[in-house]
């Protein structure tokens, strides 16, 4: 059944993306690429992993995104003493009513900011697995669905490793995109100083999209046309990560599905009703690199996961007419 | 005028391959028919002469008719000189006696054929024609590969004939080595120039190393293959082929026995050398075990199968011929040929519908043409031609580049046609990845833009073109 969207159908997606980007830009200076990737994740209902040094604006980006959406927002500061029940919620005995009652944890929100996620113990980190993949939590014997849309934005500091626990592969695989912000340029930094001179612009940030609107846009993105050969290109890239000599464990089928959906969302953001190989190439590193498990010798040679993805892209044929 | 190495090196390798085949053919004819009277190597010089002459003609933009006439005149003069040089060596060039003798010889060629003049006449004409054809070849990998395949078959056939006729070729090992050297070198060079293949991928931009590696590889493979191609091996292959043919004949005799025969009298199958009555006995026993009704059904099924396979084979052959004819037409300069995929099937179905309607009087509904699909194909075909043309100009698309990534390279190489290149790329991308067909007017505009690109390229001086071309190096 061909239920692909047409060009007018994706126009609301592109308009909403522009509105959202403009709103986030009232707080975040520059970082167009990071904001674009954030919107891609939003439209795919995927989770985002932001990794960068402190003070770059990771938490600010997450909070600005959440504030721009008319959704519920909760922040969890991950610490070594955080327990799974602190995240998911618990059943407690209400002495007044003489019954066990459920007290929902901060996970019960549309947008959840898991700040410095690697500071929590693996046990607490693992409690996010079910919620991230199946969008539900199981407390005692009850399974409670999470509100939709549901998105986890996790941050991590790659420099300070003392007292931290590396994220398990299963958890990394559940993040749709990994975003790196990087330092601002001198002009951008000057603009930040001016913008934050009087008050925090985050405080006056209004929402521009509501939760039902976002759900509708997500549905539209699912129907962006992806030509057969472009699908083959996505699969070829994912397969190549599994066969690369520098990689111990390549990208999973979940990764190729993520890349596929992210490409659809990026095409819709750009006002296109079809996916281009350029979309796939653009998103390959943010969608795949964090899922690759490198061999020790690869790391010793100074080769990064992003470098390997770039190498794969430079050797995978793009589906284009042959010059016969 | 800037020298395009692709247009020089690739035809040279093709010339090497074809030269080996033509030399073998002429040597065989000379040995068996003309009593070794014609110096073949001298006659062979007509081949490169025709190629060089036609390439020189391309340097000046002249009309096709003038070019053909010039080519014909030059061919006649060269043939006359060949006659003079090869058959009337003792006479001076200004001596009219050799011309008189030549006239006599030529007239006698048609009355009572003499082998040596006939060989010079036909061989020389064939060599000139081959040189002309070589000058028209498209210098790409596809051509190099098909040239190699075709010439390899011809070479094997000629070597086989030489073995059967007991003609001792002078230095066959060297001949085979040279053939494979040119063939494989041509293909690897074409592959590397188009920026494809593992060799180009590993050594992108290192032309010296690439050439050396190809040369060594080709030499080793050529030597191995030529050392293997001995007369005893050829005899062994021939014996094996005869055995296989015998088995095929046995199977055919068995299958023929299954075809129902008229009740009036069975058609006797002529005995073959490979089938004896004793060998056919087991088949007959098997046939007796099968019930008569099943046998009848099997025979009907078998007849239908044979008819079906025959029809399928005819279908494939006619489809290939049809496609070839269209491609030949498309190779004519300035001609516009739409790819018309599925046209043959549509025509055939229409014919069958008409026949059915005539016989039964019932009109079957015609299949609706897929207009959108034809338009999509048309855009893709224009882009395909753009890719081919750009590759021949020294800007091949690396396999890992998307159309828009490649567009930036093309725009840098041909800034004058920036708008046209972008327009064609935009429409191609929409058609290819979005399945969004352009309108008829848009297709017409695209075709105009495609011609404008070529015109702008021709009218732009080499110094004003982009850095890619003025560097004279393929994009890596």
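Just a few scattered comments:
- Among the residues here, residue A:160 qualifies as closer than 20 Å to residue A:77 by Cα, assigned to a loop (DSSP other than H, G, I, E, B) and more than 20 Å from the chain's Cα centre (by Cα).
- Residue identified as in contact with a helix residue (DSSP H, G or I) (Cβ under 8 Å, 6 or more places away or on another chain), modelled with pLDDT under 80 and away from chain A (no Cβ under 14 Å) among B:175, B:127, B:93: B:93
- Here residue A:312 passes the criteria (1) out of contact with any strand residue (DSSP E or B) (no Cβ under 6 Å at 6 or more places or on another chain); (2) closer than 24 Å to residue A:150 by Cα; (3) crowded, with 22+ Cβ neighbours inside 10 Å except the one numbered (2).
- When residues of segment B:389-400 are limited to those that are surrounded by fewer than 20 Cβ atoms within 10 Å (Cβ to Cβ) and facing another protein chain (nearest Cβ under 7 Å), the one modelled with the lowest pLDDT: B:399
- Being in a helix (DSSP H, G or I), buried (at least 18 other Cβ atoms within 10 Å of the Cβ), over 21 Å from the mean Cα position of the chain (by Cα) and at pLDDT below 85 is true of residue A:10.
- Test for residue B:93: is it without any contact (Cβ under 8 Å) to a residue 60 or more places away in the chain, in a helix (DSSP H, G or I) and in the same structural domain as residue B:126 (by TED's automatic domain parsing): no
Matching residues to (1) without any contact (Cβ under 8 Å) to a residue 60 or more places away in the chain; (2) under 16 Å from the mean Cα position of the chain (by Cα); (3) closer than 22 Å to residue A:111 by Cα:
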position	(1), (2), (3)
A:212	yes, no, yes
A:217	no, no, yes
A:222	yes, no, yes
A:229	no, no, no
A:232	no, no, no
A:245	yes, no, no
A:248	yes, no, no
A:260	yes, yes, no
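- Any hit, segment A:257-275, residues being over 21 Å from residue A:217 (Cα atoms), touching a helix residue (DSSP H, G or I) at 6+ places or on another chain (Cβ under 9 Å) and more than 10 Å from chain B (Cβ to nearest Cβ): no
- No other residue among B:380, B:444, B:385, B:432 is away from chain A (no Cβ under 14 Å), assigned to a helix (DSSP H, G or I) and modelled with pLDDT of 80 or more apart from B:444.
- The single residue among B:286, B:355, B:297 that is modelled with pLDDT of 75 or more, within 30 Å of residue B:251 (Cβ to Cβ) and either assigned by TED's automatic domain parsing to the domain that holds residue B:444 or in a helix (DSSP H, G or I) (or both) turns out to be B:297.
- Flag if residue A:244 is buried (at least 17 other Cβ atoms within 10 Å of the Cβ), modelled with pLDDT under 90 and within 14 Å of another protein chain (Cβ to nearest Cβ): no
- The residue that is farthest from residue A:312 (Cα to Cα), among those in segment B:401-420 that are in a helix (DSSP H, G or I) and within 14 Å of another protein chain (Cβ to nearest Cβ), is B:410.
- Test result for residue B:423, more than 14 Å from chain A (Cβ to nearest Cβ) and touching a helix residue (DSSP H, G or I) at 6+ places or on another chain (Cβ under 9 Å): yes
- Looking at A:267, A:251, A:284, just one residue is modelled with pLDDT under 90 and surrounded by 24 or more Cβ atoms within 10 Å (Cβ to Cβ), and that residue is A:251.
- If the condition is being without any contact (Cβ under 8 Å) to a residue 40 or more places away in the chain and within 20 Å of residue A:209 (Cβ to Cβ), then segment A:33-87 contributes A:35, A:74.
- Which listed residue is within 14 Å of chain B (Cβ to nearest Cβ) and closer than 23 Å to residue A:168 by Cα, from A:313, A:288, A:300, A:283: A:283
- Screening B:75, B:103 for residues that are out of contact with any strand residue (DSSP E or B) (no Cβ under 8 Å at 6 or more places or on another chain), part of a helix (DSSP H, G or I) and modelled with pLDDT of 85 or more leaves exactly one candidate, B:75.
The values are calculated or read from the model by the stated rules, or taken from the named source; none is laboratory data. Computed from a predicted model, the values in this text were never measured in an experiment. A quick note on method: Cβ atoms are made from the backbone with ideal geometry, for glycine too, and the neighbour counts reach across all protein chains shown.
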